[in-house]
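The values are calculated or read from the model by the stated rules, or taken from the named source; none is laboratory data. These numbers were taken from a predicted model, which means no experiment stands behind them. Note: ideal-geometry Cβ built from the backbone for every residue, glycine included; neighbour counts use all protein chains shown.
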Amino acid sequence: MNGQRDIRLLLADVDGTLVTRDKVLTEATKAAATELHDAGLVLAITSGRPPRGMSMLIEPLNLQAPIAGFNGGVFVNPDLSVTESHTIDVATARRTLQLMLDHDLDAWIYTADDWFIRDKYAPHVARETSTVRFEAKVVTSFRDEHLARAVKIVGVSDDLRLVTNCEEVAQRTLGKTASAARSQPYYLDVTHPKANKGTVVTTLSKFFDIRPDQIATIGDMPNDLSMFRKSGFSIAMGNSSDEVKSQASAVTETNENEGFAKAVRKFVLRSTIT
């Protein structure tokens, strides 16, 4: 890392980056967060998760920056009060839902406050419930009242080829009316066009009055690439795909091998670890 680089804020993805596969914050990760604060740097987080699905991270990481849930669809203060929200256009929400169903994906709808599903036994519902620590509301079908408040629509399948194909079609057909990217190999997130992690970088840049090139970013999935492109220095986790690694400034270890903590010390704080 160039010794002249002036990093003042680190923006981190959550799942696959800050936490392990079991959704645990390790002691090394918490210690790295403390080292960032002690060095006068800001630690901020962004995720496809709803804001309250990140509430368990606020105290152990001593988060003081705005938190970007739904990939930037909703910004909240550390007390979870909403400062900014971007709902999807209703017509776009309808097209998105139909597109996912046509590609044989299950669909979930998130509003700023709730999570709606059609089958509580569908793939990944139980895991998502454990991750975000609140229950989904089960509905027989999605109605306009749900679509009108949609902040994020998620397509879900364990057939990863279907998810990838749907992502490509969504990006092509929805165009500038939405942001569509995989947040996990089995999740396709569709949000408002302003709700992407690249916009999170520019929003935090304005909030803290620091240049985007003074922001470092770290993540593991295709939906992290937009923040990589907007920031001054980007770090891909070792568990990232080659696609993600190839577009980062540097690559760290995996989230199972303290990749976040090692990246903080090696690339952000510039200290050597053994």
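For the structure I just gave you, tell me whether PRO78 is touching a Leu at 6+ places or on another chain (Cβ under 6 Å) and in a loop (DSSP other than H, G, I, E, B). Working first, answer last.
Numbers: touching a Leu at 6+ places or on another chain (Cβ under 6 Å): yes; in a loop (DSSP other than H, G, I, E, B): yes.
The answer is yes for PRO78.
Here's a check for you: in the range 131-162, which residue that is within 17 Å of the chain's Cα centre (by Cα) and part of a helix (DSSP H, G or I) is surrounded by the most Cβ atoms within 10 Å (Cβ to Cβ)?
Top of the filtered list is VAL132.
Which condition breaks for GLY238 when tested against (1) under 18 Å from the mean Cα position of the chain (by Cα); (2) under 17 Å from LYS23 (Cα atoms); (3) outside any loop (DSSP other than H, G, I, E, B)?
(3)
Given (1) surrounded by 16 or more Cβ atoms within 10 Å (Cβ to Cβ); (2) at positive phi; (3) modelled with pLDDT of 95 or more, identify the lone condition not met by GLY40.
Of (1) surrounded by 16 or more Cβ atoms within 10 Å (Cβ to Cβ); (2) at positive phi; (3) modelled with pLDDT of 95 or more, only one is false for GLY40: (1).
Among what's in the range 241-274 and is of a type in the set (A, V, I, L, M) and in contact (Cβ under 8 Å) with a residue 24 or more places away in the chain, pick the residue that is nearest to LEU18 (Cα to Cα).
Here is the first cut: in the range 241-274, the ones of a type in the set (A, V, I, L, M) are 244, 248, 250-251, 261, 263-264, 268-269, 273.
Subset that is in contact (Cβ under 8 Å) with a residue 24 or more places away in the chain: 244, 250, 261, 263-264, 268-269.
On the way: VAL244: 17, ALA250: 17, ALA261: 9, ALA263: 11, VAL264: 11, VAL268: 15, LEU269: 17 Å.
Selected residue: ALA261.
Scan the range 169-203 residue by residue and report those that are out of contact with any helix residue (DSSP H, G or I) (no Cβ under 9 Å at 6 or more places or on another chain) and crowded, with 24+ Cβ neighbours inside 10 Å.
Scanning the range 169-203 gives no hits.
Farther than 22 Å from MET221 by Cα and touching a Ser or Thr at 6+ places or on another chain (Cβ under 8 Å): which single residue out of ARG149, ARG143 fits that description? It would help to see each step written out before you state the result.
On the way: ARG143 fails: touching a Ser or Thr at 6+ places or on another chain (Cβ under 8 Å).
Result: ARG149 is the single residue among ARG149, ARG143 that is farther than 22 Å from MET221 by Cα and touching a Ser or Thr at 6+ places or on another chain (Cβ under 8 Å).
Of all residues being among the aliphatic types (A, V, I, L, M), closer than 30 Å to PHE116 by Cα and in a helix (DSSP H, G or I) in the range 1-59, which is nearest to the chain's Cα centre (by Cα)? Just the residue, please.
Step one: list which residues in the range 1-59 are among the aliphatic types (A, V, I, L, M), which gives 1, 7, 9-12, 14, 18-19, 24-25, 28, 31-33, 36, 39, 41-45, 54, 56-58.
Subsequent filtering for residues that are closer than 30 Å to PHE116 by Cα retains 11-12, 14, 18-19, 24-25, 44-45, 54, 56-58.
Retained after the next criterion (residues that are in a helix (DSSP H, G or I)): 54, 56-58.
Values: MET54: 11, MET56: 15, LEU57: 14, ILE58: 15 Å.
Going through the qualifying residues, I end up with MET54.
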